[in-house]
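Enquirer: One structure follows; several queries about it will come next.
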Amino acid sequence: MAGIGFKISKMLSRKTLTMDFLAFFYSALITVGPWIISSTAVWFMMKYMSKDAYFQAIMVYSFIFSVIITGGVNLTFTRRISDLTYAGRTDKVFPEFLSASFIVVLLLSSSAILFFIFNPHGIWLCLLSIWFFVSIGLTWFSSIVMAETRKLFAYTSGYLLLGTVGVLLSILLGERFGGRGGIAGFLIADIVCLILFTIFIGRTFGFKINPSFEWIKESVKYWELYPIGWIYYLSIWADDFIVWFSQYGYENPKGFRYSPVYDLPMFLAYLTIIPTMIMFVMVIETKFYKSYRNFYETLSKGASLSVIKSRHSAMMEELNHSLKMVMKIQFIFTIFFILLNEVEGLGLSGISRFILRTGLAGAMINGFFMMILLILLYFEFRREALFSVIVVFVANTTISFFTLKFLGFKSAGIGYTLSFFIGTITSYEMLKRRLKDLIRIEYLRQPLGIPRGYIKREKYGSISYSFQPKSKVQ
């Protein structure tokens, strides 16, 4: 979110109703706009081509697994973009974007090829599916860099183009060529969107067609972001995978497993965390960031301990206030949808309505977990964030498996809800302890200022040391 928070802060500083609304609208477009547009487009296409099993399967699998497989690279490169922006080295963005795109293509294409080796289909369907899968994954990745250009109109226009033209082409080609035509139609729109994003990224940061892999070397400093990105998205879908491979899922066509009676209500539930995503950027990236910046300025300028403690207290107070406000808004939003579901206002009935009830609670807690996870990363507590996502993944996999096995399909969704509840409590406790001790932690993080060299122990176990300059640290 590097730079985005600054623009929202500038809007809010005007203190007018119009600018407040524009700030909210801007935050919504950046955070959930692409997600809503693409999800709506996919829903329309799947409704229209509901009888084509290949189209349904390719769409669902491409959207789910492209996010999971690229999750680690996306999160890591987001951090890299932020670092380059902060350091004023945006000239490196495009060369590193090209090399990272190559890595994304490699990951996605190799995964898809491996899938079709074990689940063979017609050669043209395989090639089209692989191309579509890679294109969708590249679009998610390019969105990260595109958002940093701050060209809001181009950013949203690209997704609107993808949504509207993609649906129209998918329907037109689908009528003539079936599922393969439907996939090709959306693929054409996605490629156009991807090309437009690449052009805008190049125009903003400079077209330097010399791919640089420097970001990989730099990412060693924060290697934890790779597993955090992958495991977090696996945690979200772990319960779905358990259901897919149970007696409540089915396979059609070969190799593609899913369970519409479970997938649809859980998908609808996940959409309800939109308020958390919008408000997080609105509140944390603006008001909280000011107190966060003030605290770290006192540290960097060597202020007195009393001033540092005062800024630390102010930051903690602002953080608690921000978290409570976002949670209250999300809670009200979730309760509204639970009540709407009870009167069958969402169009679901039977077991799907029961699953949605559980899923709504789980999605709300997932939103809280995601918020705490991002705050952990805000303060560079990456090990704690990694531990948190591992806890959720293990809990979701274990609880979902055993509840489904011993309690039946009515228990589906309980694993998702309980696992994110456990993860939220765990991550919040770690965050609370670390922030309470933040002044000492930041003091210990500071470099000692010892000149480059190595320390050598004297013989016979003596505790004295000698310094050898101009050598590698050992």
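Computed from the coordinates by the stated procedures, all read-outs in this text should not be read as laboratory data. None of the values given here were measured: they were computed from a predicted structure. Virtual Cβ from ideal backbone geometry, glycine too; neighbours counted across all protein chains shown.
Enquirer: How big is the range 98-165 along each principal axis, measuring the range of its Cα positions in Å and listing the largest first?
Expert: Taking the Cα atoms of the range 98-165, the three principal extents are 42, 29, 13 Å.
Enquirer: Picking from 173, 211, 55, whose Cα lies most toward the positive end of the charge dipole for the chain (charges on Cβ: Lys, Arg +1; Asp, Glu -1)?
Expert: So the residue we want is 211.
Enquirer: HN-Hα J couplings of the range 183-200 from phi, Karplus 6.51/-1.76/1.60, θ = phi - 60°, integer Hz, Gly and Pro as x?
Expert: 5, 4, x, 5, 4, 4, 5, 5, 5, 4, 4, 5, 5, 4, 4, 4, 4, 5
Enquirer: Defining a contact as two alpha carbons under 8 Å apart and six or more residues distant in sequence, what relative contact order in percent does the chain show?
Expert: Relative contact order for the chain comes out at 16 percent.
Enquirer: Related question: Cα convex hull of the range 189-308: mean projected area in nm², to one decimal?
Expert: Result: 14.1 nm².
Enquirer: What is the range 66-136 by shape, rounded, prolate or oblate, if you read a ≥ b ≥ c off the alpha carbon gyration tensor as root eigenvalues and call it rounded for a/c under 1.5, prolate for a/b larger than b/c, and oblate otherwise?
Expert: Cα axes put the range 66-136 in the prolate bin.
Enquirer: Cα extents of the chain along the three principal axes, largest first, in whole Å?
Expert: Principal-axis extents of the Cα atoms in the chain, largest first: 78, 61, 51 Å.
Enquirer: Using +1 on the beta carbon of Lys and Arg, -1 on that of Asp and Glu, and nothing else charged, what's the dipole of the chain about the Cα centre, debye to 20?
Expert: Result for the chain is approximately 1560 debye, rounded to the nearest 20.
Enquirer: What order, most packed first, do the peptides 413-425, 80-92 have when packing is the mean number of other Cβ atoms within 10 Å of each residue?
Expert: 413-425, 80-92
Enquirer: I want to check the label-to-label distance for residue 300 and residue 87. Put each point 7 Å from Cα in the C-beta direction and report it in nm to one decimal.
Expert: For residue 300 paired with residue 87, the spin-label model returns 1.5 nm.
Enquirer: While we're looking at this one, here's another question. Just the number, please: Stokes-Einstein D of the range 240-293 in µm²/s, Kirkwood Rh from C-alpha pairs, 4 °C, 1.567 mPa s.
Expert: 93 µm²/s
Enquirer: Mind putting a number on the dipole of the range 271-441 about its Cα centre? Charges go on the C-beta only, +1 for Lys and Arg and -1 for Asp and Glu, and I need it in Debye to the nearest 20.
Expert: Here the size comes out at about 400 debye.
Enquirer: Check the range 32-223 and count each lysine pair with an alpha-carbon distance under 24 angstrom, considering only pairs eight or more places apart or from different chains.
Expert: The result is 6.
Enquirer: What value in Å³ per residue do you get for the convex hull of the alpha-carbon atoms in the range 312-398?
Expert: Convex hull of Cα atoms, per residue: 91 Å³.
Enquirer: Have a look at the range 282-351 and give its Rg and Dmax from the Cα atoms, expressed in angstrom.
Expert: Spelled out, the Cα radius of gyration and Dmax of the range 282-351 are 20.1, 63 Å.
Enquirer: Please state the charge dipole magnitude for the range 32-223, taken about the Cα centre, from unit charges on C-beta atoms (+1 on K and R, -1 on D and E), reported in debye and rounded to the nearest 20.
Expert: Approximately 180 debye in magnitude.
Enquirer: When averaged across all projection directions, what area in nm² does the alpha-carbon convex hull of the range 293-444 cover?
Expert: Taking the Cα atoms of the range 293-444, their convex hull projects to 10.1 nm² on average.
Enquirer: By the scheme Lys and Arg +1, Asp and Glu -1, what is the net charge of all other residues having a beta-carbon under 15 Å from that of residue 84?
Expert: That works out to +2.
Enquirer: So what is the 222 nm mean residue ellipticity for the chain from helices alone, if each DSSP H run of at least 4 adds -39500 (n - 2.57) and you divide by all residues, rounding to the nearest 500 deg cm²/dmol?
Expert: Mean residue ellipticity at 222 nm (helix-derived): -26000 deg cm²/dmol.
Enquirer: Now a separate question. Can you give the FRET efficiency to the nearest 0.05 for residue 217 and residue 307, using r as the Cβ-Cβ distance and R₀ = 56 Å?
Expert: FRET efficiency, residue 217 to residue 307: 0.90.
Enquirer: At 0.36 nm per residue, minus the direct Cα-Cα distance, what do residue 125 and residue 293 gain on full extension? Give it in nm, one decimal, please.
Expert: Extending this stretch completely gives an extra 55.2 nm.
Enquirer: Next up: With viscosity set to 1.306 mPa s at 10 °C, what whole-number translational diffusion coefficient in µm²/s follows for the range 32-223 from Stokes-Einstein and a Kirkwood radius over Cα pairs?
Expert: 92 µm²/s
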